[in-house]
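Inspection log for the structure reproduced underneath, given as C-alpha cells.
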Amino acid sequence: MNDKLTHDLEGAGLKVLACPPFKDPTFGASSKVGPDEVFTTTVAAFNAAAGADAVYFQDARLDPLPVIDKLEQQLAVPLIASNPAMLWNILSRLDVKCSIDGYGKLLKTWPAQPK
C-alpha cells in the first residue's frame, strides 16, 4: 500500500521523503494505534526525513485527528489528513465556510479554495 501511495503522490509532483510502514501490518491493526503513538511515530518519521515541508496522512488507518494541532505546533509545518481535507473540499465547493477548532490549521482557518 505504501508503494502505491508513494507512486501516486510522486505522480502528482510531490517528493515523498518517508512513508514508514505500520509496526503491525495485519488487517485492522492500525485501529489499535492510539493518539500518543501516532504523535511519537509521526515526529520520529518527520525528524528522520530532513527537509520535509509538510506531513500527509492518507485515509483514516491512523487517526491523526486527536493530535493534528499538537503535531502542527511541534513540527511547524502543515499537517494534511485526507479526511479533514476532503470535508473542507466538499463543503467549500458547496460555498459553506466553517471554522472548526482543534483539528488543524486547515479546518480552523478554512481558506478559500484556489480557483
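Values in this text are rule-based calculations from the coordinates and carry no lab data. Quantities reported herein were computed from a predicted structural model and do not represent experimental measurements. Every residue, glycine as well, gets a Cβ built from its backbone with ideal geometry; the counts of neighbours run over all protein chains shown.
For (1) β-branched (Val, Ile, Thr); (2) under 24 Å from Phe39 (Cα atoms); (3) not in a strand (DSSP E or B), each residue gets a yes or a no:
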site: Gln74; (1), (2), (3): no, yes, yes
site: Val77; (1), (2), (3): yes, yes, yes
site: Pro84; (1), (2), (3): no, yes, yes
site: Ser92; (1), (2), (3): no, no, yes
site: Lys97; (1), (2), (3): no, no, yes
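Looking at region 45-60, is at least one residue farther than 19 Å from Leu14 by Cβ, out of contact with any Cys (no Cβ under 8 Å at 6 or more places or on another chain), among the hydrophobic types (A, V, I, L, M, F, W, C) and surrounded by 11 or more Cβ atoms within 10 Å (Cβ to Cβ)?
As a first pass, look at region 45-60 and keep what is farther than 19 Å from Leu14 by Cβ: 47, 60.
When the remaining residues are screened for being out of contact with any Cys (no Cβ under 8 Å at 6 or more places or on another chain), the result is 47, 60.
Imposing the further condition that a residue be among the hydrophobic types (A, V, I, L, M, F, W, C) reduces the set to 60.
In the following step, the residues that additionally are surrounded by 11 or more Cβ atoms within 10 Å (Cβ to Cβ) were identified as 60.
Yes, because at least one residue in region 45-60 is farther than 19 Å from Leu14 by Cβ, out of contact with any Cys (no Cβ under 8 Å at 6 or more places or on another chain), among the hydrophobic types (A, V, I, L, M, F, W, C) and surrounded by 11 or more Cβ atoms within 10 Å (Cβ to Cβ).
Kindly evaluate Asp69 against the criterion of being touching a residue at least 12 places away in the same chain (Cβ under 8 Å), of a type in the set (Asp, Glu), outside any helix (DSSP H, G or I) and surrounded by 12 or more Cβ atoms within 10 Å (Cβ to Cβ).
Values: touching a residue at least 12 places away in the same chain (Cβ under 8 Å): yes; of a type in the set (Asp, Glu): yes; outside any helix (DSSP H, G or I): no; surrounded by 12 or more Cβ atoms within 10 Å (Cβ to Cβ): yes.
So Asp69 fails the test.
Okay, residues lined up against (1) in contact (Cβ under 8 Å) with a residue 24 or more places away in the chain; (2) touching a Ser or Thr at 6+ places or on another chain (Cβ under 7 Å); (3) among the aliphatic types (A, V, I, L, M):
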{"site": "Phe27", "(1), (2), (3)": "no, no, no"}
{"site": "Asp63", "(1), (2), (3)": "yes, no, no"}
{"site": "Ala76", "(1), (2), (3)": "no, no, yes"}
{"site": "Leu79", "(1), (2), (3)": "yes, no, yes"}
{"site": "Cys98", "(1), (2), (3)": "no, no, no"}
